[in-house]
Amino acid sequence: VSANPPTSDVVVVGGGIIGLASAWRARLRGLSVTVLERRAIGEECASAVAAGMLAPVAEAEFGDAGRRLLELGLRSARLWPDFAAELEQATGAEVGLRRNGTLLVARDADEARELERQLRFRQSLGLQVRRLAPSAARELEPALAPTVRLGLEAPEDHSVDPRRVLAALRHACELSGVRLRERAPVARVEVGAGPRVTGVVLADGSRVPAAHVVLAAGAWTAEIDGVPAHARVPVRPVKGQILRLRDPDGPGLLRRVLRFEGGYLVPRGDGRYVLGATVEERGFEPHATAGGVYELLRDARELIPGILELQLEELSVGFRPSTPDNLPAIGRGTPSGLLWAAGHHRNGILLAPLTAQLIAHALTAPDRIEDRRASLPAELEGACDPLRFATAGGLPTADPPGPPVGVHS
Ligand SMILES: Cc1cc2nc3c(=O)[nH]c(=O)nc-3n(C[C@H](O)[C@H](O)[C@H](O)COP(=O)(O)OP(=O)(O)OC[C@H]3O[C@@H](n4cnc5c(N)ncnc54)[C@H](O)[C@@H]3O)c2cc1C
C-alpha cells in the first residue's frame, strides 16, 4: 500500500448529477479527476428521485432572487440540447430529453386569477408563454378534466429523465477517465499552509490528496467538516415525496408536462409518469406519508381523472439541497482550492449543464477575469457566489482583505 496516494487535480465530493457533470466537464478539459461518492451512484441522491423538468419559465418567481434564478435557468436550458446530444454520443445511451413543452393549468376561479397574474408577469419579462382558454387547453391535452378553468403554455419548458442522465454521466465519466470511487464517504476537507486545500479525508481516516476540491454533496454538503465556519454555504434539505406511475395501455394520456397548484405530472413518453412533489421542511426525515401521497393524487386526479387507472410503480423521498436565497453556490470559495457546486434546490437537473461549465471554467481559467465574465455576467456570478453567505464577523482578523469576492483564486 502506497503511503502517498497520487494527487488528483480535482476531487469531486458527491456523485449526483452536479458532481458527475462537473467531473466530466473538468476531465474533458484535461484535468485528472476523482469522484468520491459515499454510497453507490444513484442509490441515495436527489438526482435519482427528481422529476426532470427543465422549466425555467414555469418556475419563474417574483423578486430579485427569482429574476436571477430565471436567468440562470434560461441559460442552462439553452445548453441542455447540446449537453444531452454530447452525452448520448459519448455513451450511446439515450437520456430521454423530451421537447414537448409545459402546460400550467387552473382548476377554479382563484387559481385562474393567479394564473392570469403569472401570465402577465412572464409576458412582462418577454418570456414565451401563451394563454389558453379551457377548450384550447383540452384540445392540446384531451385527458384534462372538463372543469379546467384556464391554461398557460410554456412551449420551451421541456423535460429529461434524470435517472438516464445519471447513468449516462456515470458511463461518460468512466469512458473519459474520471476515477469513480463509490462507498467512499468524505468526512472533511483537508487544509494546509496558505491556507490552501490539500485534499479530503474519508470517514475511515484515509486521505485523498488533490489540488482542488469541489463540494457537490447535495443536501449533505453542509455536513462535510473542515471548511472554516465563516466561509460555509448553509445548505439544508427540503424533503420531497414523489410517485412513479405507469399506464398499462402505454403512452398517450398526456404529452406535455402538466403543472398545477400543488404539483406536476411529467410524462416520460413510454407510458410512465412522475407525479410530484411535496415540499417539506423536515430535515432529513426519510419516510413517505399517507398524507403526502393522498394530496398528490387528490390534486392530480381533479385535473387528469384518468390518473387513477395508472399502476403505482414507486414512491420515493428525496432531499433538495437548498440555500437561504434558493440560489445555488457555484464557484470558488475559501480556502484557496475549494469550490462549491451545491444548493441547487428545485432546479439541479435544469442547472446541471451550466454548473458543470462554470466549474470546469473556474478550475481551468481561474485567473482570467475576462474569461470568467464571458461565461456569466458579473451580476449572475455574484448571485451564485459561494461566499455571499460569509459572515464578516467570522473572518480571521489577522488576514489582510482578499481580492474582490468571486474573482480571486
Ligand atoms: C422530489 C424532487 C423533485 C425534483 N424535481 C426536479 C425537477 O423536475 N427539475 C430539476 O431541475 N430539479 C428537480 N429537483 C431538484 C434536483 O433533484 C436537485 O437540485 C439535484 O438533483 C441536486 O443534485 P446534486 O448532485 O447536487 O445532489 P444529489 O443528487 O443529492 O447528489 C449528492 C450526492 O452526494 C453524495 N454525498 C453526500 N454526502 C457525501 C459525502 N460526505 N461524501 C461523499 N459523497 C457524499 C450523496 O450520496 C449523493 O449521491 C427535484 C428534487 C426533488 C427532491
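A few points about this structure:
- Within the set LEU312, LEU258, the sole residue that is among the hydrophobic types (A, V, I, L, M, F, W, C), more than 11 Å from the ligand (Cβ to nearest atom) and buried (at least 22 other Cβ atoms within 10 Å of the Cβ) turns out to be LEU258.
- Any chance GLY15 is modelled with pLDDT of 95 or more, within 13 Å of the chain's Cα centre (by Cα) and over 30 Å from ALA106 (Cβ atoms): yes
- Candidate set: the range 295-309, residues that are more than 14 Å from the ligand (Cβ to nearest atom) and free of Cβ contacts under 8 Å to residues at least 60 places away in the same chain; chosen: the one farthest from the chain's Cα centre (by Cα): LEU308
- Some residue of the range 348-359 being free of Cβ contacts under 8 Å to residues at least 24 places away in the same chain and not hydroxyl-bearing (Ser, Thr, Tyr): no
- All positions within the range 1-48 that are assigned to a loop (DSSP other than H, G, I, E, B), surrounded by fewer than 24 Cβ atoms within 10 Å (Cβ to Cβ) and within 9 Å of the ligand (Cβ to nearest atom): ARG38, ARG39, ALA40, ILE41, GLY42, GLU43, GLU44
- The number of residues in the range 50-73 being within 12 Å of the chain's Cα centre (by Cα), near the ligand (Cβ under 9 Å from one of its atoms) and either without any contact (Cβ under 8 Å) to a residue 24 or more places away in the chain or more than 11 Å from VAL257 (Cβ to Cβ) (or both) comes to 2.
- All positions within the range 186-200 that are surrounded by fewer than 18 Cβ atoms within 10 Å (Cβ to Cβ) and within 11 Å of the ligand (Cβ to nearest atom): ALA187, ARG188
- Among the residues of the range 286-315, those that are part of a helix (DSSP H, G or I) and among the small types (Gly, Ala, Ser) comprise ALA290, GLY291, GLY292, ALA300, GLY306.
- ARG282 outside any loop (DSSP other than H, G, I, E, B) and basic (Lys, Arg): no
- Residues of the range 235-249 that turn out to be away from the ligand (no atom under 12 Å from the Cβ) and either within 30 Å of ARG149 (Cβ to Cβ) or in a strand (DSSP E or B) (or both), as a count: 5
- Any chance SER322 is among the hydroxyl-bearing types (Ser, Thr, Tyr) and either farther than 25 Å from GLU61 by Cα or at pLDDT below 95 (or both): no
- Residues within the range 49-60 that are β-branched (Val, Ile, Thr) and either touching a Cys at 6+ places or on another chain (Cβ under 6 Å) or surrounded by fewer than 21 Cβ atoms within 10 Å (Cβ to Cβ) (or both), tallied: 0
- Qualifying residue in the range 218-230 (condition: of a type in the set (A, V, I, L, M, F, W, C), touching a Phe, Trp or Tyr at 6+ places or on another chain (Cβ under 8 Å) and away from the ligand (no atom under 12 Å from the Cβ)): no
- Filter pass, LEU354 being within 15 Å of the ligand (Cβ to nearest atom), assigned to a loop (DSSP other than H, G, I, E, B) and either modelled with pLDDT of 95 or more or surrounded by 20 or more Cβ atoms within 10 Å (Cβ to Cβ) (or both): no
- Filter result for LEU87 (more than 9 Å from the ligand (Cβ to nearest atom) and buried (at least 22 other Cβ atoms within 10 Å of the Cβ)): yes
- Residues located in the range 316-348, provided they are more than 11 Å from the ligand (Cβ to nearest atom) and part of a strand (DSSP E or B): GLY331, ARG332, SER336, LEU338, LEU339
- Residues that are hydrophobic (A, V, I, L, M, F, W, C), buried (at least 18 other Cβ atoms within 10 Å of the Cβ), touching a residue at least 24 places away in the same chain (Cβ under 8 Å) and within 15 Å of the ligand (Cβ to nearest atom) do occur in the range 277-294.
- Qualifying residue in the range 109-123 (condition: surrounded by 18 or more Cβ atoms within 10 Å (Cβ to Cβ), within 29 Å of ILE17 (Cβ to Cβ) and among the aliphatic types (A, V, I, L, M)): no
- Residue list for the range 185-234, filter: in a loop (DSSP other than H, G, I, E, B), in contact with a helix residue (DSSP H, G or I) (Cβ under 7 Å, 6 or more places away or on another chain) and of a type in the set (Gly, Ala, Ser): ALA216
- Qualifying residue in the range 163-173 (condition: within 23 Å of the chain's Cα centre (by Cα), near the ligand (Cβ under 9 Å from one of its atoms) and either of a type in the set (A, V, I, L, M, F, W, C) or buried (at least 17 other Cβ atoms within 10 Å of the Cβ) (or both)): yes
The values are calculated or read from the model by the stated rules, or taken from the named source; none is laboratory data. The model shown is predicted, which means the values in this text are computed figures rather than measured ones. When we count neighbours, we look across all protein chains shown, and the Cβ atoms used for this are built from the backbone with ideal geometry, even at glycine.
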